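A.B. asks: Below is the structure I would like to discuss, written out as structure tokens.
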Amino acid sequence: MRAGLHPTAPADRARTPTPPGDGTSLLASHGIRVTGKWWTGQTWKLIRGGGPAWVVERLWTLMLLIEPMEAEEKAMTEVIQEKGAEAA
């Protein structure tokens, strides 16, 4: 297994809750445990370079959905924080 990708024991998979639909369950089902945002930086490079092609294809689709949602969430958070500061 490459650095940054950690094999996961079956018992670990059952005990580690993951949000539905974020790709971590798909990775875990192939014995790859990731922490944090798998779709960014070095972790994505390692997955893309060493994961099964069909898994990488499905993760790519998820990444296309996740990234714009993150950008929108960041923008909304900034607006909320600005409004909160104005009200204080």
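A.B. asks: Report, ordered by the first and then the second residue, all pairs with beta carbons closer than 9 Å, sequence separation of six or more or different chains, a first member in region 36-60 that is under 22 Å from residue 71 (Cβ atoms) and in a helix (DSSP H, G or I), and a second member that is β-branched (Val, Ile, Thr) and modelled with pLDDT of 90 or more.
C.D. replies: Sorted first by the residue in region 36-60, then by its partner, the pairs are 47/55; 47/56; 48/56; 59/47.
A.B. asks: If we scan region 37-54, do we find a residue that is under 15 Å from residue 24 (Cα atoms), touching a Lys or Arg at 6+ places or on another chain (Cβ under 8 Å) and of a type outside the set (A, V, I, L, M)?
C.D. replies: Scanning region 37-54 turns up at least one residue that is under 15 Å from residue 24 (Cα atoms), touching a Lys or Arg at 6+ places or on another chain (Cβ under 8 Å) and of a type outside the set (A, V, I, L, M).
A.B. asks: A further question on this structure: Consider residue 31 against the criteria (1) in contact (Cβ under 8 Å) with a residue 24 or more places away in the chain; (2) at negative phi: it satisfies all of them except one. Which criterion is unmet?
C.D. replies: (2)
The values are calculated or read from the model by the stated rules, or taken from the named source; none is laboratory data. The structure displayed is predicted, hence computed values, not measured ones. Glycine also receives a Cβ, built like all others from the backbone with ideal geometry; neighbour counts cover every protein chain displayed.
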